[in-house]
């Protein structure tokens, strides 16, 4: 969907789940280069910032977290922003439509306020701040899931192990996304500080850019901490499962030794030869006593050496 509106001196163009016709219209209106169009179309594009000196146009690719209602999980998708002197373009997928809604809320708030209207760059930076807050909220939800998975009894269940594996996969994508977003914001800072003045920012924009960098790095650290905690919980699960397996194998080994005693006794007394205590009507009781004595001796030896 292609939509354009004007807010003060800012012209905002919004594309949600754009079709080829929408992209053609965007390319014609803004004279996009084929490189920029390929970046926008790529659903796996990493976060980046690039400035076209000829067109005096910047392109920011930013990765955001979206909720998958069917899978009850999070996924990371790229959103694109084009910045010029007086225009801001947002291109989002249907999954990331909430980003366009956040931008609409921001423009509505600014239109209702009597303050001086923000430039396209400052509007974008304010939007990135809000996106970062939403991103941290998703990490908090994942941390809550991890805390629930840490509440196991003697050993984790299969459902908990599966949930932990899915949680670990989500954090891998979120960690990569936060790392890429930090790189993109640093690329934007380097472009603003270069000797070429084509991407010169106002002092207020530079200050807000530094604030966004700090917030993005904090998100990166929070995500990394969450991933480390999940990794530790996974190691704990592995240790518990290994200990349970060792206990099971130990039990089976002792039980196999116990079950090996009766066949040995009955095998000896089943031979056609003279054996002690093999005569009399109570001879079978003797075999039971010998069997019980050997079993008790086996168990005593096991517990004696295990206690050392």
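The values are calculated or read from the model by the stated rules, or taken from the named source; none is laboratory data. Keep in mind that what you see is a predicted model, and the values were worked out from it rather than measured. Positions of Cβ are generated from backbone atoms using ideal geometry, with glycine treated the same way; all protein chains shown enter the neighbour counts.
Couple of notes before you dig in:
Every residue, every condition in (1) over 30 Å from residue 144 (Cα atoms); (2) in contact with a helix residue (DSSP H, G or I) (Cβ under 9 Å, 6 or more places away or on another chain); (3) touching a residue at least 12 places away in the same chain (Cβ under 8 Å), yes or no:
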| position | (1), (2), (3) |
| --- | --- |
| 4 | yes, yes, no |
| 17 | yes, yes, yes |
| 31 | yes, no, yes |
| 36 | yes, yes, yes |
| 66 | no, yes, yes |
| 78 | no, yes, yes |
| 97 | no, no, yes |
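- You will find that of 209, 201, 174, 190, the residue that is assigned by TED's automatic domain parsing to the domain that holds residue 58, under 30 Å from residue 120 (Cα atoms) and not in a helix (DSSP H, G or I) is 201 and no other.
- Within the option set 159, 163, being assigned to a helix (DSSP H, G or I) and farther than 30 Å from residue 62 by Cβ holds for one residue only, 159.
- Of the residues screened, residue 201 is not one that is farther than 30 Å from residue 233 by Cβ and touching a strand residue (DSSP E or B) at 6+ places or on another chain (Cβ under 8 Å).
- Selection within the stretch 3-21 - surrounded by fewer than 17 Cβ atoms within 10 Å (Cβ to Cβ) and farther than 18 Å from residue 85 by Cα: 3, 17, 19, 20, 21
- Scanning the stretch 116-150 for residues that are touching a helix residue (DSSP H, G or I) at 6+ places or on another chain (Cβ under 8 Å), farther than 28 Å from residue 48 by Cβ and in a helix (DSSP H, G or I) returns 143, 145, 146, 149.
- Any hit, the stretch 65-80, residues being more than 28 Å from the chain's Cα centre (by Cα) and in the same structural domain as residue 142 (by TED's automatic domain parsing): no
- The criterion of being modelled with pLDDT under 75, within 30 Å of residue 130 (Cα to Cα) and surrounded by 12 or more Cβ atoms within 10 Å (Cβ to Cβ) does not hold for residue 216.
- Residue within the stretch 46-55 that is surrounded by fewer than 17 Cβ atoms within 10 Å (Cβ to Cβ), farther than 21 Å from residue 128 by Cα and in contact (Cβ under 8 Å) with a residue 40 or more places away in the chain present: yes
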